[in-house]
Every structure is written in structure tokens, then in C-alpha cells.
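**Q** I have a structure here, written as C-alpha cells, and I will follow up with some questions on it.
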Amino acid sequence: MQGIIENQDAIDQVFRQYFGPPEADPQDDAGEGLADALIIDMAKAARNGEKFSDLWEGGLSELPSQSEADLALCQMLAFWTNKNAAQMDRLFRASGLYRKKWDERHGRDTYGALTIQKALDRTTETYTPRKGKAEVGNDYFQNDAGIFFRKPTKEGPVSVQLANFNAIITSETVRDDGQTTTIFFDIEAKLRGRKYAFPLPVNKFQAMHWPTEQMGAGAIVQPGPTYKDRLRVAIQTLSGDVSRHEVFVHTGWRKFPSGWAYLHADGALGAD
């Protein structure tokens with residue numbers, strides 16, 4: 001009589017053959033990766049966001065077949081999830097492309113598992129969130145897709161896009177003309193890979209008309225009665241502590257705490 005031996009690999013193989021891989025908990029996030037809702041927001045706001053949105057809603061995005069659309073969406077998900085197969089499967093099941101065929105067996109694996117593996121094999125680059133003071137705030141964050149607000153809901157925070165560009169205040173300058181002082185914010189912004197740097201008077205920054213004035217028609221602030229105010233607060237929050245310095249933009253005598261000085265183009269001369 002032959003004894004019973006331990007062979008977990010064989011048991012696992014039989015289990016996968018008849019029952020498929022274990023389903024991921026839809027509430028789980030991808031370890032150190034991005035939450036599902038945030039991935040969807042970022043993918044829709046990215047440069048190829050129109051294509052992602054079409055595929056996500058169940059369209060073919062001008063591809064010749066639904067199978068090719070399935071693969072195209074999975075490749076996008078592979079990029080955003082850092083090739084996390086379980087999260088890719090979970091997200092695909094929430095998309096408009098999901099159908100019964102996804103769970104049909106094709107040999108030892110399901111159609112969905114084969115499609116995900118093919119997408120993983122073809123994906124050579126993935127999204128890596130940047131870290132630093134300009135990236136994360138308590139209620140706001142920014143990444144390559146733009147600036148976002150974490151909106152509290154009963155089901156938990158939901159990421160709401162405020163703008164499709166990045167921006168922070170790097171420093172502030174007080175310009176003194178001898179009669180009045182004006183504060184300027186030194187702004188660094190990024191839109192579609194292009195970097196911008198420019199000063200803004202505080203009143204222009206507050207009005208929030210400057211994105212298109214400085215970066216052109218491609219700079220988009222989402223519509224809504226409070227979005228401009230939220231975007232302004234987001235930029236100030238994400239900028240953290242900024243340095244402040246004073247610049248005198250006039251010539252002539254000026255009294256300082258240390259005494260009188262004559263200001264000229266190359267600097268200042270003391271009264272002595």
C-alpha cells in the first residue's frame with residue numbers, strides 16, 4: 001500500500017486548473033502602489049487619457065476587435081499599477097470592457113489571466129510616484145497628471161482633479177519702490193513635460209487667471225464654483241515653507257534701522 005506524501009505544488013496546480021486563481025479583495029490597495037480610484041483619475045487625466053476613458057467605458061478606441069481593446073486597457077493598467085496583476089484584474093472587472101469571456105478557460109488559464117500576462121510581457125515602463133514636499137499634502141497632492149484634492153465622502157476620500165498641471169511657489173519677493181511694497185510669488189510649473197518659471201504679483205495669483213496666461217491654452221483648471229479657490233489653496237499647501245527676500249527697486253536716500261543709505265543700481269552707500 002502506497003503511503004500519503006506531501007505535495008503542495010500538485011495540489012495548488014489542481015486547484016488553479018478547476019477553480020482558477022483566488023480572487024483579490026476589491027477593497028485592497030496594491031501594497032505600496034496607488035489606490036484604484038486614484039489610478040482611474042490619473043489615467044483619465046494623462047496625455048492618452050481620452051483613449052483610456054474610451055476603453056474604460058467599454059469602447060474599442062478605433063481598435064479592430066474587443067480582444068485588442070482588452071489588451072490595450074490591460075497594458076495601460078500595467079503601467080499605472082506597476083505591473084500588479086491582482087490590481088489589474090480588479091480594475092478590469094470594474095471597466096466597461098469586462099464580460100463573461102474574461103473568466104472563460106483557454107487551456108489551463110482563463111482568457112483574463114492570459115490577457116494580463118500578455119500585457120505584463122509587453123509593458124517595459126511603469127509609473128513611479130515621486131516623493132517630496134511638492135508632491136503630498138494633507139488634503140492635496142500632485143503628480144504627472146496634475147493637482148488633486150482628496151474629497152471626503154461616506155465611503156472614504158475620493159481623488160478630485162483640480163488642474164492638469166503642476167505648480168509650486170518656490171520663494172516670495174517683496175519689491176519696495178520707496179512708496180509702496182508689492183509681493184511677488186516665484187512660481188515653478190510643469191505642463192505636459194514642459195517646465196515654466198515666472199513671478200506673479202499676489203493679486204494675480206489670488207485671481208487664478210494666470211495658468212492660461214503663462215502656459216497657454218493647454219493649462220486647464222477644472223470647472224466649478226470652488227475649484228479655483230481649492231487650486232490656490234492646494235498650490236500654497238504643497239509649496240510648504242518658502243523663502244522670503246526683499247528687493248529695492250528705486251534709487252535715492254533710504255532710512256534703515258541701521259541708518260541712512262543711498263541706493264543706486266549697483267547697491268548702496270552708507271551716510272558715512
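**Q** I need Val174, Val233 ordered by Cβ neighbour count within 10 Å, fewest first. Could the numbers behind the result be given before it?
**A** On the way: Val174 13, Val233 16.
By the 10 Å Cβ count, ascending, the order reads Val174, Val233.
**Q** Of the cross-linked pairs Lys51/Lys190; Lys118/Lys154; Lys190/Lys228; Lys44/Lys228; Lys44/Lys151; Lys51/Lys204, which ones have a Cα-Cα span greater than 29 Å in the structure shown? Can you show the working numbers first?
**A** On the way: Lys51/Lys190 22 Å; Lys118/Lys154 38 Å; Lys190/Lys228 18 Å; Lys44/Lys228 20 Å; Lys44/Lys151 18 Å; Lys51/Lys204 35 Å.
Pairs exceeding the cut-off: Lys118/Lys154; Lys51/Lys204.
**Q** On to the next question. Ordered by packing density, taken as the mean number of other Cβ atoms within 10 Å over each peptide's residues, highest first, how do 40-52, 103-115, 157-169 rank?
**A** Values: 40-52: 18.3, 103-115: 15.1, 157-169: 20.2.
Sorting 40-52, 103-115, 157-169 by mean packing, highest first, produces 157-169, 40-52, 103-115.
**Q** Using Cβ contacts closer than 10 Å as the measure, can you line up Leu55, Leu60, Leu77, Leu38 from fewest to most?
**A** Working: Leu55 25, Leu60 15, Leu77 28, Leu38 21.
By the 10 Å Cβ count, ascending: Leu60, Leu38, Leu55, Leu77.
Here, each number is a calculation from the coordinates, and none is a lab measurement. Since this is a predicted model, take the numbers as computed values, not measurements. Cβ atoms come from the backbone with ideal geometry, glycine included; neighbour counts cover every protein chain shown.
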